[in-house]
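Structure, as structure tokens:
The values are calculated or read from the model by the stated rules, or taken from the named source; none is laboratory data. Fair warning: this is a prediction, and the values are worked out from it, not measured in the lab. When we count neighbours, we look across all protein chains shown, and the Cβ atoms used for this are built from the backbone with ideal geometry, even at glycine.
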Amino acid sequence: MKLYDLAASPNTRRVRIYLAEKGIEIPTTVIDMSKGEQKTPEYLAKNPLGKMPVLEFDDGTCISESVAICSYLEELHPEPPMFGRNTLERARVEMWHRRAELEILQPLMHAFSHTHEMWKGVLTQIPEWGAECAKTVQERYAWLDRELEGREFIATDDYTVADVALQCGLLMGKGIGVRAPDELANLGAWWQRVSSRPTARA
Ligand SMILES: N[C@@H](CCC(=O)N[C@@H](CS)C(=O)NCC(=O)O)C(=O)O
């Protein structure tokens, strides 16, 4: 097995944190986005969308999408459970995992790709859309703060893949200047909790 990875990518970090939490070691190959390595014919044969991460098996079979990669590994390494301990918890983890992707990570990606120099010429940039997405994320931070009232972690009593996805989103937000305001105390306390885990810098 091999993981196609990029240190700065929030989505590959989701998989790296998951692996570190589980104590799983998988060899990695770094794909350098600044050199467009994700768009070479060789890489596009692994993921025609030209995105990371990709998990490649020894027979050449590839799986993309961070959630699919983690969910595959969860079946092989069920302890400690990171997708929930029972039916209800699994549903809550999926609910929050999807929310983290659709309500936080995706608008952050748009906020970045529609305004940053690096994406000029790669896509048709609409800076107003980028600014709108950044505004949406600020509203979502306030919503998360309310949801985290009295909670240690976002989906269940355990640290799950939903926390990992949110954590990678918030880290990206900090990196691109779409930061959660300090006065959101519940979100701030959750951030301290997840970012002080030994795996946070995986
Ligand atoms: N939903 C996908 C998102 C993958 C994704 O957007 N990866 C980014 C890095 S964080 C990427 O490879 N972008 C390269 C590009 O779009 O050219 C997942 O969860 O794996």
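For this structure, a couple of remarks:
- Residue ID - farthest from the chain's Cα centre (by Cα), chosen from residues in the stretch 1-47 that are in a loop (DSSP other than H, G, I, E, B) and away from the ligand (no atom under 12 Å from the Cβ): 45
- Test for residue 160: is it polar (S, T, N, Q) and either assigned by TED's automatic domain parsing to the domain that holds residue 6 or out of contact with any Gly (no Cβ under 9 Å at 6 or more places or on another chain) (or both): no
- Any chance residue 93 is in contact (Cβ under 8 Å) with a residue 40 or more places away in the chain, under 16 Å from the mean Cα position of the chain (by Cα) and near the ligand (Cβ under 10 Å from one of its atoms): no
- Residue match in the stretch 169-180 (condition: closer than 19 Å to residue 84 by Cβ and touching a residue at least 12 places away in the same chain (Cβ under 8 Å)): no
- Segments classed as helices (runs of 4 or more DSSP H), wholly inside the stretch 59-138, with at least 3 members that are assigned by TED's automatic domain parsing to the domain that holds residue 46 and under 20 Å from residue 5 (Cβ atoms): 66-76
- Filter pass, residue 55 being modelled with pLDDT of 95 or more, within 12 Å of the ligand (Cβ to nearest atom) and assigned to a loop (DSSP other than H, G, I, E, B): no
- Scan the stretch 143-154 for residues that are in contact with a Leu (Cβ under 8 Å, 6 or more places away or on another chain) and either closer than 16 Å to residue 102 by Cα or not in a helix (DSSP H, G or I) (or both) and the total you get is 3.
- Considering (1) in a helix (DSSP H, G or I); (2) within 18 Å of residue 97 (Cβ to Cβ), the lone condition that residue 157 does not fulfil carries the number (1).
- Qualifying residue in the stretch 12-32 (condition: at pLDDT 95 or above, surrounded by 13 or more Cβ atoms within 10 Å (Cβ to Cβ) and within 21 Å of residue 123 (Cβ to Cβ)): yes
- Pairs where the first residue, in the stretch 67-85, is on the phi < 0 side of the Ramachandran plot and the second is of a type in the set (S, T, N, Q) and outside any loop (DSSP other than H, G, I, E, B), C-beta under 7 Å, 6+ apart: 83/71
So that you can scan it fast, the table gives a plain yes or no per residue for (1) touching a Lys or Arg at 6+ places or on another chain (Cβ under 7 Å); (2) hydrophobic (A, V, I, L, M, F, W, C):
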residue: 114; (1), (2): no, no
residue: 144; (1), (2): no, yes
residue: 149; (1), (2): no, no
residue: 156; (1), (2): yes, no
residue: 176; (1), (2): no, yes
residue: 191; (1), (2): no, yes
residue: 196; (1), (2): no, no
residue: 200; (1), (2): no, yes
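- Taking the stretch 58-73 as the range and being more than 15 Å from the ligand (Cβ to nearest atom) and of a type in the set (Asp, Glu) as the test, the residues that pass are 58, 59.
- Residue-level check: of (1) buried (at least 17 other Cβ atoms within 10 Å of the Cβ); (2) in contact with a Phe, Trp or Tyr (Cβ under 9 Å, 6 or more places away or on another chain); (3) within 28 Å of residue 75 (Cα to Cα); (4) not small (Gly, Ala, Ser), residue 144 misses just (3).
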